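Inspection log for the structure reproduced underneath, given as C-alpha cells.
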Amino acid sequence: MMELIGIPPQVLFGQLLLGLINGAFYAMLSLGLALIFGLLNIINFSHGAQYMMGAFVAWLVLQYAGIGYWAALIISPIVVGLFGVLLERLLIRRLYNLDHLYGLLLTFGLALMIEGFFRQLYGISGQPYAIPAALQGGTNLGFMFLPTYRAWILIASVAVCVATWAIIEKTRLGAYLRAATENPTMVQAFGINVPLLITLTYGFGVALAAFAGVMAAPAYQVSPLMGSNLIIIVFAVVVIGGMGSIMGAVVTGFGLGLLEGLTKVFYPEASSTVIFVVMAIVLLIKPAGLFGKAA
C-alpha cells in the first residue's frame, strides 16, 4: 500500500485516531475545569480525582449490583455530581472571595485524599472494565481499522462538548449563570437563587468529569492513578485555550490530542512534552490563552 510522507497509512491514521481519542478526554475534562473556573473562579485541582471516581463508581456498580455500562453513564455522573455538590456546600463556597491560591490548595488536598482512599481500598493495579457488547468490534475503512468503541468516544464527547457550550452560551440558564458571576446582587434582585445556581454549576462540572471517567473505563483500566496521570495535561490544555473559555477548552483539547498523535508518528521522544512546549509558546505570545480575554 502507498505510503504518506514515508509513513504507512495504517500507522499514520492509527496514531491520529489515538490522538483524537486522547483529545476527546482532554476536551471533556478541560470543559469541566473551564466551566468551574470561568463561572466560580475556582481552580479545581481535584478534577482528575473526580474523573477517577466516575470510572470507579461505574466499576463498583457493575461488580456489586450488576449494573452495566449504559446505566452507569447516567448513575455515575449523578453520584459523583452529588458528591461535588456536597463539597461545594461544605468547603468550596468559603473560598469564593479569597485568592485563587486557597482554592488550588484545598482542591489539591482533596485530590490527594480521594486518590489515597481508593489506593488504600483497591491498590494501584488497574481493574478491567469490559466494552459493552453493542460497541465491540470495528469497521475496516480500507486505510485503517476503526474500533467501534473509539468511534463512540469521539461521537459522545463531541455531543457533550457542543451541548454544554450551547447551554452556557445560547440559553437563558447560561445567561443567568454568566450574569450571576458578574453581578450576583443584581441577579438575586430578580428573584434568582444565586447560591443554588452556583452549587449546581459546580456539581455539573464534577459530573462532566465523572462522565469522562465512565467513558474511559473500557478504553483504559480503572485505576486510582488515572486522574493524577492526566490532570497536569488537562490544566495545560485549559491554560492554552484560555482560563475559563468553554470554546477554548474544547477546540484546544481536540487540537492538542491530534498534535500529540502526529508527534508520536514523526518524533515519538517529544510526544510527552509537546503540549507543554506549545503552552510555553502560547504564554509568551498571548498570556491570556488562544481564546482567553486579557484582564
Given the whole protein assembly as supplied and a 1.4 Å probe, what does the accessible area of Ile67 come to in Å², nearest 10? 50 Å²
Scoring the chain by relative contact order with C-alpha pairs under 8 Å, at least six apart, yields a percentage of 37 percent
In percent, what relative contact order does segment 42-196 have, based on Cα pairs under 8 Å that are 6 or more apart in sequence? 19 percent
Please give the FRET efficiency for Arg119 paired with Leu90, using the beta carbon to beta carbon distance and R0 = 22 Å, rounded to the nearest 0.05. 0.40
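Using a 1.4 Å probe on the protein chains only, how many percent of the accessible area of segment 1-147 belongs to carbon and sulfur?
Values: 4920 of 7200 Å².
On segment 1-147, the fraction of accessible area on carbon and sulfur atoms equals 68 percent.
Could you do me a favour and compute the accessible area per residue for segment 60-102, 1.4 Å probe, result in Å²? The partial results should precede the final answer.
Working: 2750 Å² over 43 residues.
I get 64 Å² per residue for this part.
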I'd like the accessible area for Phe211, computed on protein heavy atoms only with a 1.4 Å probe and all protein chains in place. Round to 10 Å², please. 40 Å²
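Quick check: with the 1.4 Å probe, what order do His100, His47 take by accessible area, largest first?
Numbers: His100 70, His47 0 Å².
Order by accessible area, largest first: His100, His47.
For Phe117, Phe13, give the ranking by accessible area with the largest first, probe 1.4 Å. Present the calculation step by step, with values, prior to reporting the outcome.
Working: Phe117 115, Phe13 65 Å².
Largest accessible area first, the list is Phe117, Phe13.
So for segment 246-295, averaging the separation of alpha carbon pairs under 8 Å that are six or more residues apart and normalising by length, what relative contact order in percent results? Don't jump to the answer; show the numbers that get you there.
Details: 22 pairs, mean separation 15.9, N = 50.
Answer for segment 246-295 is 32 percent.
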So how far apart, in nm, are the two label points at Met186 and Ala133 if each is 7 Å from Cα heading toward Cβ? 5.7 nm
Return the long-range amide H neighbours of Val222 (sequence gap of 5 or more, or a different chain), with a cut-off of under 5 Å between placed amide H atoms. Gln127, Tyr129
Two-site label geometry, Trp70 and Leu173: point separation in nm, points 7 Å out along Cα→Cβ: 2.4 nm
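Kindly give the semi-axes, whole Å and largest first, of the ellipsoid equivalent to segment 208-280, taking each as the square root of 5 times a Cα gyration tensor eigenvalue.
Working: eigenvalues 83, 61, 24 Å².
For segment 208-280, the semi-axes come out at 20, 18, 11 Å.
Averaged per residue, what accessible area in Å² does segment 137-218 show with a 1.4 Å probe, protein chains only?
Numbers: 3960 Å² over 82 residues.
The answer is 48 Å² per residue.
The values are calculated or read from the model by the stated rules, or taken from the named source; none is laboratory data. Remember, it's a predicted structure, so these values are computed and weren't measured experimentally. All Cβ positions, glycine included, derive from the backbone under ideal geometry; neighbour counts span all protein chains shown. Accessible surface areas use protein heavy atoms only, side chains included; no ligands, DNA or RNA. Shrake-Rupley method; radii C 1.70, N 1.55, O 1.52, S 1.80 Å.
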